[in-house]
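Take a look at the structure set out below.
The values are calculated or read from the model by the stated rules, or taken from the named source; none is laboratory data. These figures come from a predicted structure and were not determined experimentally. Cβ placement follows ideal geometry from the backbone for every residue including glycine, while neighbour counts extend to all protein chains displayed. Each accessible area value is taken on the protein alone, full model and side chains, heavy atoms only, with ligands, DNA and RNA left out. Shrake-Rupley method; radii C 1.70, N 1.55, O 1.52, S 1.80 Å.
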Amino acid sequence: MAEHLASIFGTEKDRVNCPFYFKIGACRHGDRCSRLHTKPSVSPTLLLSNMYQRPDMITPGVDPQGQPLDPTKIQDHFEDFYEDLFEELGKYGEIESLNICDNLADHMVGNVYAQFREEEHAAAALQNLSGRFYAGRPIIVDFSPVTDFREATCRQYEENVCNRGGYCNFMHLKKINKDLRRQLFGRRRRSRSKSRSPPRHRNHDDRPSRGGRGGGYSDHHHSDRSRRPRSRSPGRRSGRSRSPEGKRNRSPVREGSAERRAKIEKWNREKEAKAASATD
């Protein structure tokens, strides 16, 4: 029986645990969901809820004053945020992948998923970001059950054929251009390749830098609500392509669904055992 429950954990056959929460770390029903949202006690992935604020949040393609926005400026705004966040998170450990949702539904809009190489790096980032602000807004951060973004990503969106638009319940991941990706993730690839002898052939699509400035961040003791994310001078952008990368960014697979289900099932058993011992 236990093996059967473990095998269906987080799937549509599981009538106890929410499969959407397991796959994408969020659920459109929120606290009203009829199934459990079991948050992991530790994970290599962090969810920073609703952190990215698009310049066209109210109406896509239009600023708050009702004026049309140049798509290149929208992309530049996103890449400024992506680079700023990458450098801040890189202070706490090696980043495997950094994914930001382009969805519009309340439970997914602006969600940021940061997957670290090691769980302790994610734990350090969570501890240091909790209670802080970015651009005057509190950072809401927690561990996420998502470790394989292939299961969470909308395939139709990547093929430009998703008919649900921004309200799709699977991740629509916003892309950065390949020059910026090479700049950010390539530094880790170069440093790792220099430290190895002989060199090993690995997939280094997502390798980060540990440097960081965190220009838009403040802590809860002296948050500045007038602060805005730092802007890049035109010279910083001279080497970038204006179009986002078309090729899908596949994040490295650390654990499959079966392994993650088994781990969460173990956490559940440990939690139940602690509760039972507390009542004895």
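M108 meets all of the listed conditions (1) at pLDDT 95 or above; (2) open to solvent by less than 30 Å² (accessible area, probe 1.4 Å) but one, namely (1).
From the list D80, D70, D76, exactly one residue is open to solvent by 10 Å² or more (accessible area, probe 1.4 Å), acidic (D, E), touching a residue at least 24 places away in the same chain (Cβ under 8 Å) and over 20 Å from P138 (Cα atoms). Which is it?
The unique qualifying residue is D76.
Looking only at the range 131-169, residues that are open to solvent by 60 Å² or more (accessible area, probe 1.4 Å), outside any helix (DSSP H, G or I) and of a type outside the set (K, R) come to 6 in all. Evaluating M108 against the criteria (1) within 12 Å of the chain's Cα centre (by Cα); (2) aliphatic (A, V, I, L, M); (3) part of a helix (DSSP H, G or I) leaves one unmet condition, (3).
Would you mind finding the one in E3, E88 that is outside any loop (DSSP other than H, G, I, E, B), on the phi < 0 side of the Ramachandran plot, among the acidic types (D, E) and at pLDDT 90 or above?
Working: E3 fails: at pLDDT 90 or above.
The conditions single out E88.
Within the range 6-39, if we keep just the residues that are at pLDDT 60 or above and among the acidic types (D, E), the residue that is farthest from the chain's Cα centre (by Cα) turns out to be D14.
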